[in-house]
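Written out below as structure tokens is the structure these notes cover.
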Amino acid sequence: MNKETIGIFDSGIGGLTVANAISRLLPNEALIYFGDTAHLPYGDKSESLIKTFSLNIANFLIEKQNCKAIVIACNTASAVAYEHLRDKHKGNIPIINVIDPIIEAIVKDETIKKVGLIATQTTINSGVYQEKIKRRKPEVDISVLATPLLVPMIEEGFAHDNISHAVIENYLQNPEFKNIDALILGCTHYILIKDEINDYFKAKVKLFDSTDILAEKLKGILENENLLSTTKKQEDKFYASDITKDFQKSARRFYGNSLELKPITI
Ligand code: DGL
């Protein structure tokens, strides 16, 4: 069987924002998405558990679904499981995380002197963003804040109202974020509140997220490895390890109304 598809996974449905960006930039690629909704959220789980979940999912996508590339569309899994997966599959298949393309964009931007990061507790605790930025550009200041209320808030549909404004404001008015030139939205869900964050900063702070930047990075890798598809060979598939009406509803909000999540045990 030819390797035709791109495997994308996340702890849940937030990674659909990444899948969406990939399908817009690379419409000839067939996607297989897996949301690990049975184990959601990853953001407060231990590193070893997230590594185990990520390894199982990558095996499913590579061995059972025969994917030609894997995108870890979750900041938390990218922070703690990427190196593990990359080493395990070295030489076999490209594995792309959502963090490195953001780091590259930040490092390239000469105007950025102070950058903020909002993310889940596990991503912040991993220190991966902090370490990668410091290593590549030690003169850049980085201030970090775990923002655990944002994922459940967005999943519950609060994104453009008084509740979300109050929560966003409360987090972003943290004194650590005074005078930042850029803010990393270090969680796939936060794309849904990007406009609100932009409004809070009166459009004066550059916002970096893992949608278009990641899709461009993937395109470059597929081109380099001669893996780019010229025609779409099959329909996109969206799997989840647990499906409820709410997950289905949120998935459509994250991706589009035609999306149908299918249950699967891996
Ligand atoms: N998708 C996860 C991330 O980007 C957030 C949700 C979770 O905690 O599982 O970090």
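The values are calculated or read from the model by the stated rules, or taken from the named source; none is laboratory data. If you're wondering where the values come from, they're calculated on a predicted model, not measured in any experiment. Every residue, glycine among them, receives a Cβ derived from its backbone with ideal geometry; neighbour counts consider all protein chains shown. Note: accessible area is taken over every heavy atom of the protein model, side chains too, but ligands, DNA and RNA are not part of it. Shrake-Rupley method; radii C 1.70, N 1.55, O 1.52, S 1.80 Å.
Structure summary
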| item | result |
| --- | --- |
| In region 135-188, the residues that are more than 20 Å from Lys206 (Cα to Cα), open to solvent by less than 20 Å² (accessible area, probe 1.4 Å) and among the polar types (S, T, N, Q) | Ser164 |
| Positions within region 93-124 being in a loop (DSSP other than H, G, I, E, B), more than 12 Å from the ligand (Cβ to nearest atom) and either touching a helix residue (DSSP H, G or I) at 6+ places or on another chain (Cβ under 7 Å) or within 19 Å of His39 (Cβ to Cβ) (or both), in sequence order | Ile93, Pro94, Ile112 |
| Spans of strands (runs of 3 or more DSSP E) in region 165-266 with at least 2 residues closer than 19 Å to Met153 by Cβ | 182-186 |
| Filtered residues of region 244-257 (kept if open to solvent by less than 80 Å² (accessible area, probe 1.4 Å) and out of contact with any helix residue (DSSP H, G or I) (no Cβ under 7 Å at 6 or more places or on another chain)) | Thr244, Gln248, Arg252, Gly256 |
| Yes/no for Leu218 being modelled with pLDDT of 95 or more, open to solvent by 20 Å² or more (accessible area, probe 1.4 Å), under 17 Å from the mean Cα position of the chain (by Cα) and within 22 Å of Lys108 (Cα to Cα) | no |
| Criterion violated by Ile6 - all others in (1) of a type in the set (A, V, I, L, M); (2) at pLDDT 95 or above; (3) within 16 Å of the ligand (Cβ to nearest atom); (4) surrounded by 22 or more Cβ atoms within 10 Å (Cβ to Cβ) satisfied | (3) |
| Selection count, region 141-193, where residues are away from the ligand (no atom under 16 Å from the Cβ), among the polar types (S, T, N, Q) and more than 19 Å from Ile112 (Cβ to Cβ) | 4 |
| Flag if Lys90 is within 12 Å of the ligand (Cβ to nearest atom) and not β-branched (Val, Ile, Thr) | no |
| Qualifying residues in region 21-47 (those that are among the polar types (S, T, N, Q) and within 14 Å of the ligand (Cβ to nearest atom)) - the one nearest to Ile70 (Cα to Cα) | Thr37 |
| Residue match in region 151-160 (condition: out of contact with any strand residue (DSSP E or B) (no Cβ under 7 Å at 6 or more places or on another chain), under 16 Å from Ala79 (Cβ atoms) and modelled with pLDDT of 95 or more) | no |
